[in-house]
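Visitor: This structure is in structure tokens; I'll ask about it shortly.
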Amino acid sequence: MGCTADCVCNDGVPSKSLFSSIDVDKVTTINEKDKDSCKELLKRSESIRNVKMSAHSKNSKGLVIKIPFICKVLLNRIDIMTTFTKVEVFINNQYVTLTYKPKVSEEYFLPGGDHIFPITIPAYKHKSVDTLTIRLSNNDEYGSIGYLCICGVVTGKLPKAINVSYELYGLPENTKSFSKEAANTEIHKN
């Protein structure tokens, strides 16, 4: 079957790909047949459109992909090739599973198959995203995903916790300490 006007199979890799902002080592998947196949798919989708691999679900219940970012991002598009026909997008919610989903989500319906379809996401709703969860479902059989590219713009750094230890030591008795007056006179001499 030839490409349609809706697919982006022949386009180049998006210039606004957020791959460099994805914390790939922390990407998790629920109901994935082969461990880490979604991570490998994300890595390969970063540089080429014609990825020669796919990630499959274990059964017909669907697939959940949780993608954390290393900084705050603004999402505006997801390019995806999948046999699943229903795509649900959740922002900053890590509690989505195959059986539980929050009420706040965005649903998109795709024809499925071997074409890359862009899902345009309203950017005004997704300005400060640090985790993207994609739930793929509505397939009577096992489903697969053959391409996934998240597009948008980096908006800021995530706050990071820093562990700091302070140690205080007393000065030995034979150490000379300078007074403020002595320090000021040495500055003026130079």
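Visitor: Considering only residues of segment 58-95 that are part of a strand (DSSP E or B) and either at pLDDT below 80 or under 17 Å from residue 115 (Cα atoms) (or both), which is farthest from the chain's Cα centre (by Cα)?
Guide: Step by step, filter segment 58-95, then rank; the result is 86.
Visitor: Sticking with this one: Please give the number of the condition residue 39 fails out of (1) modelled with pLDDT of 90 or more; (2) buried (at least 16 other Cβ atoms within 10 Å of the Cβ); (3) of a type outside the set (Phe, Trp, Tyr).
Guide: (1)
Visitor: How many residues are farther than 15 Å from residue 87 by Cα, surrounded by fewer than 17 Cβ atoms within 10 Å (Cβ to Cβ) and out of contact with any Lys or Arg (no Cβ under 7 Å at 6 or more places or on another chain) when one looks only at segment 123-141?
Guide: Summing the residues that are farther than 15 Å from residue 87 by Cα, surrounded by fewer than 17 Cβ atoms within 10 Å (Cβ to Cβ) and out of contact with any Lys or Arg (no Cβ under 7 Å at 6 or more places or on another chain) in segment 123-141 gives 5.
Visitor: Whether any residue in segment 130-149 is over 17 Å from residue 32 (Cβ atoms) and free of Cβ contacts under 8 Å to residues at least 60 places away in the same chain is what I want to check.
Guide: No: zero hits.
The values are calculated or read from the model by the stated rules, or taken from the named source; none is laboratory data. None of these values were measured; they are calculated from a predicted model. Here Cβ is always computed from backbone atoms with ideal geometry, including for glycine, and neighbour counts include all displayed protein chains.
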